[in-house]
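Laboratory data are not the source of any read-out in this text; all were calculated from the coordinates shown. Remember, predicted model here, so these are calculated numbers, not experimental data. Because the Cβ atoms are built from the backbone with ideal geometry, glycine has one as well, and the counts that use them run over all protein chains shown.
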Amino acid sequence: MLITFEGIDGAGKSTQIKQLAGYLSSQDREVLVLREPGDTEVAEKIRTILLDSKGEISPIGELLLFSASRAELVQEVIVPAIAVGKTVILDRFFDSTTAYQGYGRGIDLTLLQSIICISTCGIIPDITFYLDIEPEEALRRKFSKTSIPLSFESEELDRMERSGAEFYRNVRRGYHEIISHNKARFVTINALQPVAAIHRQIITILEERFPV
Ligand code: TYD
């Protein structure tokens with residue numbers, strides 16, 4: 001089974017993924033938590049290029065790097081894990097590419113589809129949890145434990161996060177578009193709710209849709 005989490009940076013995916021993994025493990029499921037980009041030797045190097053670079057990366061270059069990282073992870077880790085019956089929880093998958101590189105950077109969506117198909121070997125998640133939050137609120141959360149002034153240009157942010165408020169508004173709109181075309185696979189969650197309430201919502205939906 002493949003469960004994916006999506007949402008703009010700062011939506012709270014990692015916290016929910018940790019809690020869900022703990023819950024599923026307590027149910028005697030073999031769980032593997034992965035994140036994109038990364039989680040293979042080559043993919044981690046690509047992650048560093050994508051997130052830590054100070055210079056510019058062209059939109060197509062960025063798309064191909066995310067896709068190369070994904071191809072590595074799918075072939076080396078995801079396909080073998082699913083084949084032996086593990087439950088894979090993945091922090092971002094191809095919907096991130098559609099939202100960020102498609103709606104955010106403006107790359108043609110048909111071209112994206114072909115590249116996604118190549119990099120994923122056609123694998124589609126069984127269920128995708130989308131944590132919805134406004135970009136400004138996500139940024140506020142990110143800076144909440146610091147005294148650093150709130151800005152999308154801040155040095156504290158990674159290369160993607162410095163793309164600005166307008167970029168993030170387009171990414172969020174992109175997610176909403178994607179969901180409207182994939183209603184059966186997506187579950188939209190209001191990320192402003194307390195952590196425990198979101199966790200309960202996720203568990204309830206999983207138990208309803210995939211009873212053991
Ligand atoms: P990460 O630090 O993992 O962010 P988060 O914790 O919010 O998931 O950084 C991943 C960044 O890469 C994030 O800004 C989203 C972006 N991204 C894309 O633009 N396209 C993609 O296909 C993927 C997987 C991620």
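For segment 34-46, what does the Karplus curve 6.51 cos²θ - 1.76 cosθ + 1.60, with θ = phi - 60°, yield as ³J(HN,Hα) per residue in whole Hz, taken in order and with x for Gly and Pro?
Rounded to whole hertz, the list is 9, 9, 10, x, x, 6, 9, 4, 5, 4, 5, 5, 5.
How large is the helix-only mean residue ellipticity at 222 nm for the chain, computed as the sum of -39500 (n - 2.57) over DSSP H runs with n ≥ 4, divided by its residue count, in deg cm²/dmol to the nearest 500?
-14500 deg cm²/dmol
How large is ³J(HN,Hα) for each residue in segment 105-121, as worked out from phi by the Karplus curve 6.51 cos²θ - 1.76 cosθ + 1.60 (θ = phi - 60°), to whole Hz, x for Gly and Pro?
Values per residue, Gly and Pro as x: 8, x, 6, 3, 5, 6, 4, 4, 4, 5, 5, 4, 4, 5, 6, 9, 6 Hz.
Reachable aspartates and glutamates from K54, Cα under 18 Å, same-chain residues fewer than 8 places away excluded?
Straight-distance partners of K54: E44, E62, E153, E155, E156, D158, E161.
How large is log10 of I(q)/I(0) for segment 2-209 at q = 0.12, 0.15 Å⁻¹ when the intensity is taken from the Debye formula with one equal scatterer per alpha-carbon?
Log10 I(q)/I(0), no solvent term: -0.61, -0.99.
With only Lys, Arg, Asp and Glu charged, each at its Cβ (+1 for the first two, -1 for the last two), find how big the charge dipole of segment 38-99 is about the Cα centre; round to the nearest 20 debye.
Details: 6 positive and 10 negative charges, 17 e Å.
Computed about the Cα centre, the dipole is about 80 debye.
In whole angstrom, how far apart do the alpha carbon centroids of segment 96-150 and segment 1-62 sit?
Here the answer is 11 Å between Cα centres.
Looking at the chain, what % of its DSSP beta bridges pair antiparallel, to the nearest 5?
0 percent
Once both labels are modelled 7 Å past Cα along the beta-carbon direction, what's the N190-D126 spacing in nm?
Going by the 7 Å Cα→Cβ label model, 2.9 nm.
Normalise the Debye intensity by I(0) for segment 117-159, one equal point scatterer per Cα, no solvent, then take log10 at q = 0.25, 0.35 Å⁻¹ and round to two decimals.
Log-scaled intensity ratios, in q order: -0.87, -1.27.
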